Amino acid sequence: MTESAPPAHSPAPDGRPDTSRPREGGPPPPSALLRRARAAVFLLFFINAIAYANIVPRLPEIRDSIGLSNTALGTAIAAMPVGALVAGLFAGAMGARIGSGRLAALCAFGFAAAVPLVSFASVWAMLACCLFLLGVLDAIMDAAMNTHGLRVQRGYGRSILSSFHGLWSVGAVVGGLLSTTLAGADVPLRWHLLGIGALLAVLGVAVWPLLLPGRDEDEAPTSADARQTETAPATPESSPAATAARAGLKAALLPLLLLGLLLAMSSVVEDTPASWGSALLQDDYGASAWLAGFAYVAFQTAMTIARFTGDRVVDRYGRVPVARVGGLLIAVPLSLALLTHSTPAVIAAFACAGLGAATLFPSAMHAAATIPGIRSSDGVAVVSWLARVGFLAAPPLVGLIGDRISLRVGVAMIVVAGLLILALAKVFAPADRSMSEESR
């Protein structure tokens, strides 16, 4: 496989390549400013993860304190992806205006205020509004911290972005463990979330001076490119090029929809342990609040391990075989565990689902970017949006099934999702073919 060449120049103090001197040998060691900025991005990903992770294990307590049904709780939880879908449209423009690093840090302060608000919710509407706000903050912060991470990565001259996502999973596990421990110790929800809000504020203050200075660089065309664009004749819609573009888009539609469906199923797998794992173990298995919290913790721990090792596994065996094994790891253990009355079996099954789902999102992004006939950015945008639809639909659907039949049957949606992932795994094949062509 061919690799892209490292940057031709050393990074300047602001993270941009320094063109005043040529690079000799491999990438130079990063400057102190870049190392501090990398630490800042690590903290941003950690903040983003622990904010909601501290709420997840206490969702059954929040449900019962307000007096909600499972369906009502599910619709309240669905307000979070709705907020993310709405705010995601504006995150790029906001980051360009004030800088991605500052925007992400401001969202950290927003989380510091919004997370404690959940403990004051006394009716469904208040809870839904709080979770909607969390979704807005999450979408904006996600785009901003990834953008700043890419800026730091350009300064490093090598790939470091995946390590940030790995640390996000670590933060989710730490947040889930902390919340589960405090719930088991009967710490009041309000004091718990107020403490988390104070912690997030302190971390936000720590991040601010470590960020790269200035605004993000806009990738604008050169003046020569602009002049060429201005003077180039318009392409008639009936020209062969336009006809080929329409044909390419039409041919890409089915792969895009299949990838979107696969990611929607992956969203069901990732959301259900967070939204319903604790409630399932408390309601159907009689587990304590402390033990029930490990449904989410086990899933996130396994996903964290798999995210740090998944790239090597995919490179060795290929995306399609890994996705098929992932579908089996999602569907088979949980289908067997749900037939038992064993809390440890369900927790172990959630861990297997975390292993199976870990590589699906990056594999789908790669596949979407290599579909012939459309720009890679358009392919990634479409399947990412469809993935958020899965996060939106899963919580209320599981809650509705839980109220009408049982929560155990509702959580069995993960089994259906795993089987569909197994059936749809072949859609990753275009990405594998692209990589094979690159290696020739």
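Mind listing whichever residues of the stretch 29-64 are free of Cβ contacts under 8 Å to residues at least 60 places away in the same chain and over 28 Å from Ala292 (Cα atoms)?
Our first condition is that a residue be free of Cβ contacts under 8 Å to residues at least 60 places away in the same chain; within the stretch 29-64, this holds for 29, 32, 35, 64.
Scanning the stretch 29-64 gives Pro29, Ala32, Arg35.
Looking at the stretch 50-69, which of its residues are surrounded by fewer than 22 Cβ atoms within 10 Å (Cβ to Cβ) and of a type in the set (Gly, Ala, Ser)?
Hits for the stretch 50-69 are Ser65, Gly67, Ser69.
Taking the stretch 227-277 as the search range and keeping residues that are at pLDDT 90 or above and of a type in the set (S, T, N, Q), which one is surrounded by the most Cβ atoms within 10 Å (Cβ to Cβ)?
Ser266
Okay, residues lined up against (1) farther than 27 Å from Val389 by Cβ; (2) of a type outside the set (Ser, Thr, Tyr); (3) part of a helix (DSSP H, G or I); (4) not assigned by TED's automatic domain parsing to the domain that holds Ala387:
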residue	(1), (2), (3), (4)
Ala72	no, yes, yes, yes
Ala78	no, yes, yes, yes
Val82	no, yes, yes, yes
Val86	no, yes, yes, yes
Met94	no, yes, yes, yes
Arg97	yes, yes, yes, yes
Leu103	no, yes, yes, yes
Ala114	no, yes, yes, yes
Ser122	yes, no, no, yes
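Among (1) under 20 Å from the mean Cα position of the chain (by Cα); (2) not in a helix (DSSP H, G or I), which single condition is Leu68 missing?
(1)
Sort out which residues of the stretch 408-430 are more than 29 Å from Pro255 (Cβ to Cβ) and either surrounded by fewer than 21 Cβ atoms within 10 Å (Cβ to Cβ) or hydroxyl-bearing (Ser, Thr, Tyr) (or both), and write them in order of number.
Narrowing the stretch 408-430 to residues more than 29 Å from Pro255 (Cβ to Cβ): 408-411.
Residues satisfying the conditions are Arg408, Val409.
The rows are residues; the columns are (1) under 25 Å from Ile55 (Cβ atoms); (2) touching a residue at least 24 places away in the same chain (Cβ under 8 Å); (3) not hydrophobic (A, V, I, L, M, F, W, C).
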{"position": "Gly95", "(1), (2), (3)": "no, yes, yes"}
{"position": "Ile98", "(1), (2), (3)": "no, yes, no"}
{"position": "Val118", "(1), (2), (3)": "yes, yes, no"}
{"position": "Met126", "(1), (2), (3)": "yes, no, no"}
{"position": "Leu131", "(1), (2), (3)": "yes, yes, no"}
{"position": "Gly149", "(1), (2), (3)": "yes, yes, yes"}
{"position": "Gln153", "(1), (2), (3)": "no, no, yes"}
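Those residues that are under 27 Å from Leu280 (Cβ atoms) and modelled with pLDDT under 90, I need them from the stretch 305-326; list them, please.
Of the residues in the stretch 305-326, the ones under 27 Å from Leu280 (Cβ atoms) are 305-307, 310, 323-326.
Of everything in the stretch 305-326, those that are under 27 Å from Leu280 (Cβ atoms) and modelled with pLDDT under 90 turn out to be Ile305, Ala306, Arg307, Gly310.
What residue, among those in the stretch 175-184 that are among the aliphatic types (A, V, I, L, M) and modelled with pLDDT under 90, is farthest from Phe120 (Cα to Cα)?
Going through the stretch 175-184, the residues among the aliphatic types (A, V, I, L, M) turn out to be 177-178, 182-183.
Those left that are additionally modelled with pLDDT under 90: 177, 183.
On the way: Leu177: 22, Ala183: 17 Å.
Ranking the candidates gives Leu177 first.
Residues checked against (1) modelled with pLDDT under 80; (2) of a type in the set (D, E, K, R):
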{"residue": "Leu328", "(1), (2)": "no, no"}
{"residue": "Ala357", "(1), (2)": "no, no"}
{"residue": "Ala368", "(1), (2)": "yes, no"}
{"residue": "Arg375", "(1), (2)": "yes, yes"}
{"residue": "Ser384", "(1), (2)": "yes, no"}
{"residue": "Ala394", "(1), (2)": "no, no"}
{"residue": "Gly399", "(1), (2)": "no, no"}
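For the subset of the stretch 47-65 comprising residues that are polar (S, T, N, Q) and either in the same structural domain as Ser275 (by TED's automatic domain parsing) or part of a helix (DSSP H, G or I) (or both), which member is farthest from the chain's Cα centre (by Cα)? Break it down stepwise before answering.
The initial filter retains those residues of the stretch 47-65 that are polar (S, T, N, Q), namely 48, 54, 65.
Still in the list and also either in the same structural domain as Ser275 (by TED's automatic domain parsing) or part of a helix (DSSP H, G or I) (or both): 48, 65.
Working: Asn48: 10, Ser65: 29 Å.
Ranking the qualifying residues of the stretch 47-65, first place goes to Ser65.
The values are calculated or read from the model by the stated rules, or taken from the named source; none is laboratory data. These numbers were taken from a predicted model, which means no experiment stands behind them. Cβ coordinates were reconstructed from backbone atoms using ideal geometry, including for glycine residues, and neighbour counts include every protein chain displayed.
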